[in-house]
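The values are calculated or read from the model by the stated rules, or taken from the named source; none is laboratory data. Please read all numbers here as calculations on a predicted model, not as lab measurements. Methodologically, a virtual Cβ is constructed for each residue, glycine included, from the backbone with ideal geometry; neighbour enumeration extends over all protein chains shown.
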């Protein structure tokens, strides 16, 4: 593992951490399966996924219609303390669906992802899947893994104030970064996602007004910024300990986030639905007990902002030729 360009204690890194080994999850997956082959029994869709997604989508859309004539302060408060949790839940439902963990037939997962996308207000489900699967297959690989901040971000976000602003607007960075660094031509599914989403948005504005639509957008924005659930964006792979590049969170918000906090377990076994990831740790505890983990995502956000040595450069990178990840591994 190479250095990250940190010159002295208390100074933020000026380059990424560079690894000269393959990402750790594929090899650990093979070791665990050789010792505990029963883990394969956990593979496959979550039979409750469709119902869980449908309830959240309908609840959020209904809430939006109830706010058609509310004051802006009330809309903002409801968005932050209620709608943000629902929309972030749907972000992570879309993450679950990107791994085809609701249905055995992939196309059904894609349609359900477009449905789950509706309260988010902005079409992202289909595009997210493309980039997210690359994040798994090529974790940390320079130029491919778009989960990693750009040099431009890292060179600008260099102090507490800049990091606070970056956290508030991190969804914009996640959305725009791939378009500049690794653009992919849209296809029929992206067009379908776009048309259905814009149709829902237009219907919301036509029948219930701009305030109802604004509530959905605000729920998305605040839920992905300075928000307890958004701590997972930082906790998953930002390096607070140089010998570890993926971190798990074992706190109560896993109940609302499809257990995405079990992130080492998820990268080791992306074919296991979130509802069963805790069983991996139970079956093979020796593989996870020595890893640093978190109990509070809010604390992770605080540490990221206040720790002068941590910033967008606090990510592990590797050269493309060194990646051991493959489509088969995913």
Hey, can you tell me all the residues within segment 31-44 that are in a helix (DSSP H, G or I) and surrounded by 12 or more Cβ atoms within 10 Å (Cβ to Cβ)? 31, 32, 33, 35, 39, 40, 42
From 153, 190, 236, residue being under 25 Å from residue 32 (Cα atoms) and either in contact (Cβ under 8 Å) with a residue 60 or more places away in the chain or surrounded by 17 or more Cβ atoms within 10 Å (Cβ to Cβ) (or both): 236
Among the residues of segment 45-70, how many are out of contact with any helix residue (DSSP H, G or I) (no Cβ under 9 Å at 6 or more places or on another chain) and outside any helix (DSSP H, G or I)? 1
Of 288, 249, the only residue that is buried (at least 20 other Cβ atoms within 10 Å of the Cβ) and touching a strand residue (DSSP E or B) at 6+ places or on another chain (Cβ under 9 Å) is 249
Options 122, 126; residue that is assigned to a loop (DSSP other than H, G, I, E, B), farther than 22 Å from residue 311 by Cβ, under 17 Å from the mean Cα position of the chain (by Cα) and touching a residue at least 40 places away in the same chain (Cβ under 8 Å): 122
Scanning segment 1-20 for residues that are part of a loop (DSSP other than H, G, I, E, B) and either at pLDDT 90 or above or touching a helix residue (DSSP H, G or I) at 6+ places or on another chain (Cβ under 7 Å) (or both), which turns out surrounded by the fewest Cβ atoms within 10 Å (Cβ to Cβ)? 20
Considering each of 222, 195 in turn, give the residue that is part of a helix (DSSP H, G or I), over 17 Å from residue 95 (Cβ atoms), over 13 Å from the mean Cα position of the chain (by Cα) and free of Cβ contacts under 8 Å to residues at least 12 places away in the same chain. 195
